[in-house]
Amino acid sequence: FFFGKFTHQMAPKDLNRILTWEVVPADPDINFDEAMEKVKGIAIAGVTWIGTPSVQPHVFGLSKIVINCQVSDESVTPETIEGAIEALSTEEVEYSGTVVNVDFIEVDRPKLSEVDQLKADLKAAKAKIEELTEEQNGLSQQIVKLQNQIVDARSKPTDKKADKGAENKADKKADKQENKKADKKA
């Protein structure tokens, strides 16, 4: 089923899913006003039937109800709703439901008063300042650590050329002393 992969998607944060259903009662003589009320009467937590349903021609002389529902609970799957639609079936009439479209809409959030909005903004700004202060403290500690490493590196001779130069001077001095001893013996 084409829409299957979309109907299982979780709505992005702050959005709800809107599912468009085609509900087909398998009786051409059914009272569609009553049938629409039955469908709208399905009560599932997190599901709200919205808009005005319509009756449209289907196939083999049957008609279908096109109706929308808003799903605000992530745990509600289309299969849950489909099962509830099919549960409307009786011995006289069988109901079937199919998702034909999925949309997402923004969740309406209650508007904050101006003072409450300012308080929320201030709280967010304080949290950001705290985060930046922690980051700054961490960077300051890294700088002190690097400065200490530089001081330690400067106080210790680690230059191999300097070490070799000192060795060469010692070797030359030793050679001179040996030459002087050799000259004295001769």
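The values are calculated or read from the model by the stated rules, or taken from the named source; none is laboratory data. It should be emphasised that the depicted structure is a prediction, and the values quoted were computed from it without experimental measurement. Virtual Cβ from ideal backbone geometry, glycine too; neighbours counted across all protein chains shown. Quick note on the areas: whole protein, heavy atoms, side chains included, nothing else; ligands and nucleic acids left out. Shrake-Rupley method; radii C 1.70, N 1.55, O 1.52, S 1.80 Å.
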- Message: Give me, ordered by chain and number, the residues 5 or more places off Phe104 or on other chains with an amide H under 5 Å from its own placed amide H.
- Response: Ile18
- Query: What is the distance, in nm, between label points placed 7 Å from the Cα along the Cα-to-Cβ direction at Asp121 and at Glu91?
  - Reply: 6.8
- Please calculate the 1.4 Å probe accessible area of Thr52, with all protein chains present, and give it to the nearest 10 Å². 130
- Item | Where only alpha carbons of segment 22-78 are counted, the Rg and the Dmax (Å) | 12.5, 37
